[in-house]
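The values are calculated or read from the model by the stated rules, or taken from the named source; none is laboratory data. All figures in this text were calculated on a predicted structure; none of them were measured in a lab. Glycine gets a Cβ as well: all are built from the backbone with ideal geometry, and neighbour counts include every protein chain shown.
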Amino acid sequence: MELDAALRKGFRLGDWEVRPIEGLVTGAEGSHHLQPKTMDVLVCLAASPGQVVTRDEIIDRVWNGSAVSDEPLTRCIHEIRRCLGDHRDEPEYIKTIPKRGYRLLAAVGDPQIVEEILTSEAVAETHLFWQVTRQRVLWVGATYAVMAWLFVQLVRFVESRASADLLPPAWVMPALVIIILLGFPVAIFYAWVRQIKFDDTGEPKPESISFPSISPLLLSRRGIDTVLVTLVISVLAGFALDLVPRSTADSALPSRYRLAVMPFEAGQANGTDNWLGKGVAEDLRNRLASFDALLVSSRNLSFRESVQDMDAQQLGHELNTQYLLRGVVVRGPDHMIVNARLIDAVTGFQLWADSFKGQASTLFDMQQKIVVAVANSLDIDPALQDRSAEDWPSVLNIAAYDSYLRGRTQLRDADNSESAAMAAAWYQQALSIDQHMPMARNGLCQAHVREIELSGSDWAYGKANQACAEAILQGPESVAAHLALANFYRVTGHAENAIDEYRWVADRSANNVEAWLGMARAHWLNGEGPDAEKAFRKALEIKTDDVDTHAVFTRFLLAEGRYGEAVEVARLLVQLDREQVNAYAYLAEALFMSGEFEAAIQASRQVLSRDLERHSAIMNIAHSYYYLGRYQRASYIYREASRQLPQDHFAAGGLANAYAQIDGQEAADKSLQSFARARQLAEAALLTDPADALTTVSLAYYCAALGDTDCAASNRVQALQLEPDNVDVHYLSALVHTRLGDMQAALAATQKALDLGYPQVLLVTDPQLEQVWSQRRFVTAGLTPLFEPSR
């Protein structure tokens, strides 16, 4: 019997497309070719979908009634199943009916649909795309694009490691790139022409530029060609983007370039002038930052040790910058040489390089020439530089400058009063060499102000007062002098005077980040939160990657109880400086106060990986486990904290709380022992500072846990008298009332803590307040339990 003519044109079988004439079965995984007899068996089954077709019927229709065994039919069925990915035991397409035949399980689609598809594809074969694929143009284009990209990467690598005197002129690399781009269409045209055959009349032979109307390999070739087209477009797009300067991430400042000034190297082999190279680079950074059109990476980022061995492109990614300024400083017997070069961090190409030589006393003039050259290279008008903050001497004494740089370096790293005093000594030495050096006098004021911050001594106050007054007398219009005076006012508690001085600086140097940051801190000190936030955000608008501003702003948000926002800013701070331990410490605190305890544990571990002595991180981990209901783990961490902090009553008290939540008499006994230890430590601490409200109310809590009601009541009242608006005092008062069984008083104290800004998530997850927040009155106060604490 003649097979169904309509099915011969093609049909759909489930997710597959069957073309009997071509012998093709096509699906998502590609095309498969079937032998003619095998295809006839499939068509025979498709003619009766869902019905049992006996073996005899199939043999009669496919083999025209010839006497054949069942083996050829079985082999055809096996091949069809292999092609369709079907299985005999769990069939989706063909089911074996024992001793009878087979049944096609999948639905058979309308043959007309396939006919339309074939027709449309036959037309498409005449399009340029398919003719292009015939000539291997895509293969040539893909190979050319990839090889060109690899060549450019190799050139960048070599250039980034070559010394300045061996580098080619700046125009060479852009010209080479242009040649590569122009060569691409030439290669494409050559590939096209080379494959076309011509007849005697000079006309191209049709068979050399077109496909047959229907080709069994059409679908598989189209898949390959589509991949090639995507590859060519992707490589060319990436190549083009690689040549375009990266746009700034700050949408509010779309016209500003991003620049990072790296520490300049010392020309001496012994490296004794490394600090001089860093000093010159920092001075250049400060000068370049005075251009509104430039966003210059902060020193904290570009001077990090971890980035110094990176190549240009790695630095561009790590510092989020478009351009890099590198250089070398060479000190001679009576002269100074500064070599500088500007590098495109996106392409790795050198944009500008020059060498400046002169007397050591002209070093500042050399620096300004470099600034002008960089501005010109970036098409920035040098006249737009804001030089109001400069306090350079007209003639530089290099010996005084040496001492000044040492003082500046010492002050930046000063974390105790002795280090600040050493910085002041270096500044004083610079002034003894050149008493008219204004930047050294301003630095002396700043060093003594730092001493006040770190020690609070009257001696430091007197020195700072004198140094700042002399700085103003020497430079009454000096921005740096007024900035130093503003810091003096802020540190000594004169917030209003500090704000006036910071505003004076900002009026004359609008983009002075230090002025806006100082103003924010002064407003914060004065209790003017909204004004402080405005100043913080202004500083961040001017310099989006300023580490110090992000750090202080995070502390501000934590103090304001805006923990979710603090988490966001702290995460930005971590991204800016992954080496700064304080960044992770602020993040850990913000996460804990937001109730993200697991994340707080991870952040605290990052702190400890950088500073094993950061005990607050250990306590943060212990508290987080406690609030997660993992009391055994919390007790282990609290024990470690108590070992490291044997005089800290908070660690002993935390350990007692963890034991109290663990079932069993042994844990209960350990809890009482730890509470007794915490009480002893708190009483000892109050002998030193009897006005410490937090220690006083903590003592009240320890006494309540030990059953000493008189001690608990008296100390709780005293703590409230010392600091009636302290949120932690009210929270611990609630715990005292809970221990004493006064749930109504506990509810009132908890509500007061909530009103003062205590995090709701900590209240509702504290197992000791379970009896309080389970009351309906507490729930209506706005608190709902997040989870049931597990024991």
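Just so you know, in the range 335-372 the residues that are hydrophobic (A, V, I, L, M, F, W, C) and assigned to a helix (DSSP H, G or I) include one that is surrounded by the fewest Cβ atoms within 10 Å (Cβ to Cβ), and it is 372.
Check whether at least one residue in the range 542-563 is farther than 20 Å from residue 301 by Cβ, of a type in the set (Phe, Trp, Tyr) and in a helix (DSSP H, G or I), and report yes or no. Scanning the range 542-563 turns up at least one residue that is farther than 20 Å from residue 301 by Cβ, of a type in the set (Phe, Trp, Tyr) and in a helix (DSSP H, G or I).
Contact map, the range 524-551: first residue under 26 Å from residue 581 (Cβ atoms) and of a type outside the set (A, V, I, L, M, F, W, C), second residue surrounded by fewer than 19 Cβ atoms within 10 Å (Cβ to Cβ) and at pLDDT 90 or above, Cβ cut-off under 8 Å, separation 6 or more or different chains; pairs are 550/572. Selection over the range 427-437 of residues that are surrounded by fewer than 19 Cβ atoms within 10 Å (Cβ to Cβ), touching a residue at least 24 places away in the same chain (Cβ under 8 Å) and closer than 18 Å to residue 476 by Cα gives a count of 1. Scanning the range 474-497 for residues that are within 25 Å of residue 290 (Cβ to Cβ) and part of a helix (DSSP H, G or I) yields a total of 13.
Set side by side, the residues 560, 514, 541 differ, and just one is surrounded by fewer than 24 Cβ atoms within 10 Å (Cβ to Cβ) and either under 30 Å from residue 754 (Cα atoms) or modelled with pLDDT of 95 or more (or both), which is 560. Listed by position, the helices (runs of 4 or more DSSP H) contained in the range 1-75 that have at least 3 residues being of a type outside the set (A, V, I, L, M), surrounded by fewer than 20 Cβ atoms within 10 Å (Cβ to Cβ) and touching a helix residue (DSSP H, G or I) at 6+ places or on another chain (Cβ under 8 Å) are 55-62. No other residue among 591, 576, 612, 645 is aliphatic (A, V, I, L, M), crowded, with 20+ Cβ neighbours inside 10 Å and modelled with pLDDT under 95 apart from 576.
Taken over the range 271-321, the criterion of being crowded, with 20+ Cβ neighbours inside 10 Å, assigned to a loop (DSSP other than H, G, I, E, B) and touching a Leu at 6+ places or on another chain (Cβ under 7 Å) is satisfied by 291, 297, 321. Taking the range 423-443 as the range and being under 38 Å from the mean Cα position of the chain (by Cα), of a type in the set (A, V, I, L, M, F, W, C) and more than 8 Å from residue 407 (Cβ to Cβ) as the test, only 439 passes. Scanning the range 707-721 for residues that are of a type in the set (A, V, I, L, M, F, W, C), touching a helix residue (DSSP H, G or I) at 6+ places or on another chain (Cβ under 8 Å) and surrounded by fewer than 17 Cβ atoms within 10 Å (Cβ to Cβ) yields one hit, 713. Just one of the numbered conditions (1) in a strand (DSSP E or B); (2) farther than 21 Å from residue 576 by Cβ is not true of residue 324: (2).
Suppose the filter is assigned to a helix (DSSP H, G or I), under 24 Å from residue 601 (Cα atoms) and touching a Gly at 6+ places or on another chain (Cβ under 8 Å); does residue 658 pass it?
No; evaluated as a whole, the condition is false for this residue.
Going through (1) farther than 23 Å from residue 494 by Cα; (2) in a loop (DSSP other than H, G, I, E, B); (3) more than 19 Å from the chain's Cα centre (by Cα) one by one, residue 527 falls short only on (1).
Kindly indicate whether any position in the range 648-656 is surrounded by fewer than 24 Cβ atoms within 10 Å (Cβ to Cβ) and in contact with a Pro (Cβ under 6 Å, 6 or more places away or on another chain). Among the residues of the range 648-656, not one is surrounded by fewer than 24 Cβ atoms within 10 Å (Cβ to Cβ) and in contact with a Pro (Cβ under 6 Å, 6 or more places away or on another chain), which makes the answer no.
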